[in-house]
Every structure is written in C-alpha cells, then in structure tokens.
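Undergrad: Sharing a structure below in structure tokens format, with a few things to ask.
The values are calculated or read from the model by the stated rules, or taken from the named source; none is laboratory data. Owing to the predicted nature of the structure, the values given are computational and were not obtained by experimental measurement. A quick note on method: Cβ atoms are made from the backbone with ideal geometry, for glycine too, and the neighbour counts reach across all protein chains shown. Heavy atoms of the whole protein, side chains included, go into the accessibility calculation; ligands, DNA and RNA do not. Shrake-Rupley method; radii C 1.70, N 1.55, O 1.52, S 1.80 Å.
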Amino acid sequence: MKKLSLTFALLGLSISLEAQPSGFNYDEAKVPEYKLPDPLTTEDGKKVTSPKIWQDIRRPEIFSLFQKHVYGRSPKPSGKIHYQVFDDSLNTGNENYRRKQVEISLSGKKNGPKMDLLLYIPNKGTGPYPIFLTLNFRGNHSISKDPEVRITRSWVPNEKGIKNNKASEATRGMRSSRWDVSQITSRGYALGTIYCGDIEPDHRNGRVDGIRAQYPEAYTWSAIGAWAWGLSRGLDYLEKDKDIDASKAIVMGHSRLGKTALWAGASDTRFAITISNNSGCGGAALSRRRFGETVKRINTSFPHWFVDQYKTYNDNEDACPVDQHQLAALVAPRPLYIASAVQDRWADPRGEFLAAKHAAPVYELLGAGTFPTKDIPPVDKPVQGAIGYHIRSGKHDVTTFDWKAYLDFADKHFN
Ligand code: GTR
C-alpha cells in the first residue's frame, strides 16, 4: 500500500492524514446498515444463557464456522518436539537482556522443516519470565541491529538490497523501531519472535514451499492458519524452556500478523493473553462495515491468507455466517487487547473498536470482566478491562506507546 503523509490545517488545527488506496469507503456516513451475527445465540436460534452453554455448544460452533469459512482447519501437531538451542549469550550490547536462539522442528521430525525462535530474556530479577510471542515480517535479524542474530535462510521479498529472495545484512535491524526490546525486558518480560516465512512464505504460492506442503490435502487451511499453527509450535517449545513461564504467554501481532495473533489466541487456549495491533480486515475489523479494506480487496491481493470459501463473501459480506467480533469472543474469558491507529483508516479503527465492544457480552456472561467503555475512547487514552483497546495517534505501525499499553495490560492481568 502506498502511503503518503499529507498535513493540512483545518480551523487552525494541524491534522495529519495517511493516504489510503482510493475507490474504498472512508466515510462513516456511507457505512451500510448491517446486522451482526449474535455470539450469544446458537445456530439453531437458542439464547446462550450460561457459561456452560457457551463452552459446550456456542464456542465450538463459532470456532468451526471460522475454520470452514475463513482460516481453515489446521492439523494436529505430531506431539513430538525437536529443538536445538544454537545460541545462548549475554553479549547483546544491551544490559537489559540476554539472547537465545533456538531452531525448532515444525513437524516434530528431526530432519523436517524448521523455524528459528529468537528470544530476548530480561537480565533483571529471576525467571521464569512471562513472554510476548510474536511473528515478524522480514526475518529475526530485521527486528534488531544485534549482529549475532542469524539471518533467515527462508524466502524473503525482494526489496532494498535484497535479491533472489535471499536475506542479507542489508535488512538487519530494518524493523527495529517496531520492537522495543529494552522497554519489554526492563519491565520483566521476555520477547520471542519467529519469522512468519519460516512457517510459510508470504506469497500466493507459499503453500507449496511452506509447512502446509507437509500435510495431507484433507486439511484445507490457509497461510494465516499455518502461521498461527507455527506460533503454537513455538509455545510447545516455550513450555520446555526453564527461563520462560509459558503459563504467561502473550500472543501479539501487527497487521497481517495481528490477524494471525487473533486466530492463534482463538485456536490455542494456552495463550494467556491475545493482542491484535492494527489488524484490520480479516483481523479485528468488522467485515460487514466495508470501511477501508474490504473482503473482496483482501482476497484479491492476498488470496493465500484465507480459505477459498472466504472468496464467496467478496461483495457479499452479509452472507458470511461469522463476523470478526466473534473471533474476538473466542478469546474469552482470557484477556484480549485490540489496538488501532488514527491514520490507519485502511484497517477501519472504528470497526476494530466495535469488534471489542460486541465481544464484551461473552466476557460478561463468563464472569471474566467487561470492556469498560461504550464509545471509542479519546486518542492515546487506553481503556483496559478484560478487553483493552486504544486508538493511538499516528500511522499503521507498532510504537513504544503500543508496547507500554500492552505491558500495562499484562501487568494488570498477571499481577
Ligand atoms: C496490507 C493489507 C492489510 C494488512 C497490511 C499488513 O497491504 O491490505 O490487510 O495486513 O498489508 O500486513 O501490513
């Protein structure tokens, strides 16, 4: 998406806008009327009146609807875990944390496909530490300037300094502004990250080279399904790592990987907290609003992210039996955070907020707490209950502000 910043003065106020693809609706007045499927009414029309009915009937129903219509059905893991810690060092150039790198077999087979997990572990206090587990877009080496991080050997997109889809020193640290490792570790949390392309390369034919190729065709899953599944394999490993308190694992992701974090949090209830940063269409934003990115557009640009069935909802959102507030509700009763950014209109900030709001009745039914606001809160003022939300000033990104809000939220729920 081409982004361009325009600054203009309106009534003496300076407002900065991020240009978004044209031909899409950014006008709230033009959002069509829509009716959301009720998370608390079963498919055969019965009201969900108790936590038991939610757990036994409605939750499995919604989960399998998302499998069938949106993200696909992922295979059961082999149950075997093979991994090798190939780096464990205090020498990170930062006194707040040490580093570990682990090669993890995805299929449980010693010689099968592998992914690299990069861990930054706090030096302060004594472990085991709670952890943010995340995927990254460009390789573990892109998240920090640390010269010891192994450069990914997986496919990467060609961009500045990158040729033949092979990563190099050219992209070391290119995304470091999004990863506030110092703040995270100095507050006593570990950070774990895996390159999504180690699980499946992010392109239309990625299925052929990624983990999906290893499983029988009977499993109709998607790239987002595969990435989320990979996060769970990362968590399998973390359960064995004595530095980490895997009962306090927070799955967090940005944008397409925010969509993935939501599906991972919905699919794997071992994740104690789920965080979606600017996840937009196919993530937290309500599809029926057709604000900014639409189902048709996302299926056209990124057909591999979702199952084929999802394409039948192009210009046909109301026919989809689920909407994204129900994905949020699948995380209940575990804490959930959804974050937006003012200039990220492509991701429909209001639609992301409304998903949180319409998931809240499920949290209330389960006695898990509430979402303590009825309206979208003021810019840069996080609201944190069982569900947290903020709309940050600025663009589509992950910033120090976002990390502080997530750390505050985690502290609130863990301490
Ligand atoms: C955009 C896409 C969004 C979002 C974003 C990203 O091009 O339209 O849905 O996922 O990419 O992942 O950065």
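Undergrad: Quick one: count up the residues across the stretch 249-262 that are within 13 Å of the ligand (Cβ to nearest atom) and either in contact with an Asp or Glu (Cβ under 8 Å, 6 or more places away or on another chain) or touching a residue at least 40 places away in the same chain (Cβ under 8 Å) (or both).
TA: Qualifying residue count, the stretch 249-262: 9.
Undergrad: Step by step: first the residues of the stretch 127-170, then only those that are among the small types (G, A, S) and part of a helix (DSSP H, G or I), then the one that is farthest from W227 (Cα to Cα). Which residue is that? It would help to see each step written out before you state the result.
TA: We begin by selecting, within the stretch 127-170, every residue among the small types (G, A, S); these are 127, 139, 142, 144, 154, 161, 167-168, 170.
From what is left, the residues that are part of a helix (DSSP H, G or I) are 142, 170.
On the way: S142: 18, A170: 25 Å.
Only one residue fits best here, namely A170.
Undergrad: Right, another one. Would you pick out the residues in the stretch 96-155 that are among the basic types (K, R) and more than 16 Å from the ligand (Cβ to nearest atom)? It would help to see each step written out before you state the result.
TA: Narrowing the stretch 96-155 to residues among the basic types (K, R): 98-100, 109-110, 114, 124, 138, 145, 150, 153.
Within the stretch 96-155, R98, R99, K100, K109, K110, K114, K124, K145, R150, R153 qualify.
Undergrad: Pairs only if they're at least six apart or on different chains, beta carbon under 6 angstrom, first in the stretch 333-356 and within 17 Å of P382 (Cα to Cα) and part of a helix (DSSP H, G or I), second among the β-branched types (V, I, T) and more than 12 Å from the ligand (Cβ to nearest atom); list them, first residue then second.
TA: These pairs meet every condition: P349/I391; E352/I338; F353/I376; A356/I338; A356/I387.
Undergrad: Based on this model, can you work out whether A266 counts as crowded, with 24+ Cβ neighbours inside 10 Å, more than 22 Å from P32 (Cα to Cα) and within 18 Å of the chain's Cα centre (by Cα)? Explain how you work it out, then say what you get.
TA: Numbers: crowded, with 24+ Cβ neighbours inside 10 Å: yes; more than 22 Å from P32 (Cα to Cα): yes; within 18 Å of the chain's Cα centre (by Cα): yes.
Yes, satisfied.
Undergrad: Any residue in the stretch 359-371 that's part of a loop (DSSP other than H, G, I, E, B): show its pairings with residues that are open to solvent by 30 Å² or more (accessible area, probe 1.4 Å) and modelled with pLDDT under 95 at Cβ separation under 7 Å, as long as the two are six or more apart or on different chains.
TA: none
Undergrad: Hey, among the residues in the stretch 316-332 that are within 30 Å of D411 (Cα to Cα) and outside any loop (DSSP other than H, G, I, E, B), which one's nearest to the ligand (Cβ to nearest atom)?
TA: In this case the residue turns out to be Q324.
Undergrad: Regarding the stretch 103-125, can at least one residue be identified that is under 25 Å from L257 (Cα atoms), among the small types (G, A, S) and assigned to a strand (DSSP E or B)? Spell out the reasoning first.
TA: Kept after step one, since they are under 25 Å from L257 (Cα atoms), are these residues of the stretch 103-125: 103-108, 112-122.
Subset that is among the small types (G, A, S): 105, 107-108, 112.
Those left that are additionally assigned to a strand (DSSP E or B): 105.
Taking every residue of the stretch 103-125 in turn, at least one turns out to be under 25 Å from L257 (Cα atoms), among the small types (G, A, S) and assigned to a strand (DSSP E or B).
Undergrad: Could you tell me which residue of the stretch 298-315 is farthest from the ligand (Cβ to nearest atom), considering only residues that are open to solvent by 20 Å² or more (accessible area, probe 1.4 Å), farther than 16 Å from N205 by Cα and part of a helix (DSSP H, G or I)?
TA: Q309
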